[in-house]
Amino acid sequence: MNRRFPGPPPAWAVLPLALGLFLPLAGCGLFSDPPPPPAYQPGPVEAYLASADSGDSTTLDDPDFGKNVRVTLDDSFTSAKGESCKRATVLAGQREAEVVVICRNAEGQWRMAPRVWGQGIDTP
């Protein structure tokens, strides 16, 4: 028995199949702009410092610093870039202290400077 298979289908015959697969994907955002990044949400320490005045102090929980941390705003200053900044001490637990800095950027948002020690430093 000798069977012959036809050659590839003509291009016009494949077009409806290709469009049938392609058009639903285009509706799913395949070719749309990516969504905007989520709005920045400051942590509890950062949010407190943005509204605090020199000498203010509070105790709060912050996932980056731990539970029951004591935050004291030490002073305000102007950075070398001309930004308004605030320096504070964060005390976590019995023996961990860390100095943190937040500055107001050109858009008027307070952002914490990168933490140098990350998990705090031991106090004597």
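Every read-out reported here was derived from the displayed coordinates using simple, explicitly stated rules and does not represent laboratory data. Here the structure is a predicted model, which means the values were calculated and not measured. Cβ: placed from backbone, ideal geometry, glycine included. Neighbour counts: every protein chain shown.
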Do any chymotrypsin sites (Phe, Trp or Tyr not before Pro) in region 34-124 lie in a DSSP loop with no more than 14 other beta carbon atoms within 10 Å, and if so, which?
40, 117
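Please give the per residue volume of the convex hull enclosing the alpha carbon atoms of region 44-122, rounded to a whole number of Å³.
In region 44-122, the Cα hull volume divided by residue count equals 86 Å³.
Between residue 47 and residue 33, what length in nm is gained on full extension when 0.36 nm per residue of separation is reduced by their alpha carbon distance?
1.9 nm
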